[in-house]
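The block underneath contains the structure these notes are about, expressed in structure tokens.
What follows is calculated from the coordinates using simple rules that are stated; it is not laboratory data. The structure displayed is predicted, hence computed values, not measured ones. Here the Cβ positions follow ideal geometry from the backbone for every residue, glycine too, while neighbour counts run over all protein chains shown.
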Amino acid sequence: MIVFAIVAVLVVVLIVAAGVAISRDPGPSPSEVALGYEQAWDRLDFETLWSLSTSELRDGRTRGDFIADKRTAYRDRPELRRLARHVAVEEATAGPHVAVVITSVELHDGSRLRDELKLVRRGGRWQVLTYTLRTPAAG
């Protein structure tokens, strides 16, 4: 009976310790989320885009509607897939709840684009609120 009590206490302690460790994990940084978002656009990976976007960027659509709408919009545009050779973060500024990340996207044709992603921290994770072309990047 004592062995059972000791094992039960150890299990509870391990569960509490795991919960504390998980709750303290900040998850991906704004820069990591921005890179993931850029790469998802390059692959036309609409499931990932939905997951990394705020409800505002999803235009209030459900996951199924968002993905179906995007697939329909890009169905006849396969040339828009896998254009990026390299994606990098140029600048990142983050507060506790809001961040701005500027990315540089080098395309296979040698041109570069710069995008600005504004992110917000909701539910303990960073999500993309807006995604806009900032200016063409210098060659």
Work out how much length R122 to R61 would gain on full extension: take 0.36 nm times their residue separation and subtract the Cα-Cα distance, in nm to one decimal.
20.2 nm
Does segment 61-139 come out rounded, prolate or oblate by the C-alpha gyration tensor, with a ≥ b ≥ c the root eigenvalues, rounded set by a/c under 1.5 and, if not, prolate when a/b is larger than b/c and oblate if not?
oblate
Using a 10 Å cut-off on Cβ atoms, rank the peptides 67-76, 33-42 from the highest mean neighbour count down.
33-42, 67-76
Tally Lys/Arg at +1 and Asp/Glu at -1 over every other residue whose Cβ is under 11 Å from the Cβ of I67; what's the total?
+1
What is the set of long-range amide H partners of R85 at a cut-off below 5 Å, with H atoms built 1.01 Å from backbone N?
E106, L107, H108
Karplus 3J(HN,Hα) series, Hz, for segment 75-82 with 6.51 cos²θ - 1.76 cosθ + 1.60 (x for Gly, Pro)
4, 9, 10, x, 5, 8, 8, 6
Starting from the amide H of L44, placed 1.01 Å from N in the peptide plane, find each other amide H under 5 Å away whose residue is 5 or more places distant or on another chain.
R82
Rounded to the nearest 0.05, FRET efficiency between A94 and T72 (Cβ-Cβ, R0 41 Å) equals 0.75
Quick one: which residues, 5+ away or cross-chain, put their amide H under 5 Å from the amide H of R125? H built at 1.01 Å from N.
none
Dipole magnitude of segment 79-139, debye to nearest 20 (Cβ charges: Lys/Arg +1, Asp/Glu -1, about Cα centre):
300 debye
